[in-house]
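Data block below; observations after.
The values are calculated or read from the model by the stated rules, or taken from the named source; none is laboratory data. From a predicted model like this one, the values you see are computed outputs, not experimental measurements. Here the Cβ positions follow ideal geometry from the backbone for every residue, glycine too, while neighbour counts run over all protein chains shown. Accessible surface is based on the protein model in full, side chains and every heavy atom, while ligands, DNA and RNA are left aside. Shrake-Rupley method; radii C 1.70, N 1.55, O 1.52, S 1.80 Å.
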Amino acid sequence: MKHKQSEPGTVGTQTMQLDPDSHIAKVLGVVEASINSFHHECVKVPAKGLKVVGRTSDGVCEAYEGLPEINVVAVQFHPEKAIEGGDNFFLPLFRDFVERAKAYAK
């Protein structure tokens, strides 16, 4: 599977399957999402305390998290590109990030 797409970043070219119990799935309200892909490397084995929660059909990690023990929610694709193109589907990820940062700062 090609993970360095030639299409614009505003276009999802792959499907990511999310763990239904993951924080990201709950924030987005889905277990499957169309994503863009611009990487030449990926997480093979996440660090201790982190769990892969989103993969493409070829098994490549596209999302991982470490909640609640480690305040980490991460994606390997570029949701900001979809938003730049006018698609606000991934906007809840950014809102969640801001809210978790505020809570962490307290």
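When you look at residue 41, is it touching a Phe, Trp or Tyr at 6+ places or on another chain (Cβ under 6 Å) and within 24 Å of residue 7 (Cα to Cα), yes or no?
Judged against the criteria, residue 41 is not a match.
Looking only at segment 33-73, which residues are of a type in the set (A, V, I, L, M), assigned to a strand (DSSP E or B) and within 17 Å of residue 21 (Cβ to Cβ)?
Once the filter is applied, which keeps residues that are of a type in the set (A, V, I, L, M), assigned to a strand (DSSP E or B) and within 17 Å of residue 21 (Cβ to Cβ), segment 33-73 yields 33, 52, 53, 63, 73.
When you look at residue 25, is it free of Cβ contacts under 8 Å to residues at least 60 places away in the same chain, small (Gly, Ala, Ser) and part of a helix (DSSP H, G or I), yes or no?
Yes; evaluated as a whole, the condition is true for this residue.
Out of all the residues in segment 1-22, which are within 15 Å of residue 76 (Cβ to Cβ) and either without any contact (Cβ under 8 Å) to a residue 12 or more places away in the chain or touching a Cys at 6+ places or on another chain (Cβ under 9 Å) (or both)?
Across segment 1-22, the qualifying residue is only 3.
I'd like to check something: does segment 85-95 contain any residue that is exposed (fewer than 14 other Cβ atoms within 10 Å of the Cβ), basic (Lys, Arg) and in contact with a helix residue (DSSP H, G or I) (Cβ under 9 Å, 6 or more places away or on another chain)?
yes
If a residue has to be within 18 Å of residue 38 (Cβ to Cβ) and in a loop (DSSP other than H, G, I, E, B) to count, how many in segment 74-106 make the cut?
Number satisfying all stated conditions: 7.
Here are some residues: 51, 81, 44, 4. Which one is more than 20 Å from residue 98 (Cβ to Cβ), among the basic types (Lys, Arg) and surrounded by 11 or more Cβ atoms within 10 Å (Cβ to Cβ)?
Testing whether each residue is more than 20 Å from residue 98 (Cβ to Cβ), among the basic types (Lys, Arg) and surrounded by 11 or more Cβ atoms within 10 Å (Cβ to Cβ) leaves just 51.
Limited to segment 54-71, what total is found for residues that are in contact (Cβ under 8 Å) with a residue 12 or more places away in the chain and open to solvent by less than 40 Å² (accessible area, probe 1.4 Å)?
Result for segment 54-71: 8.
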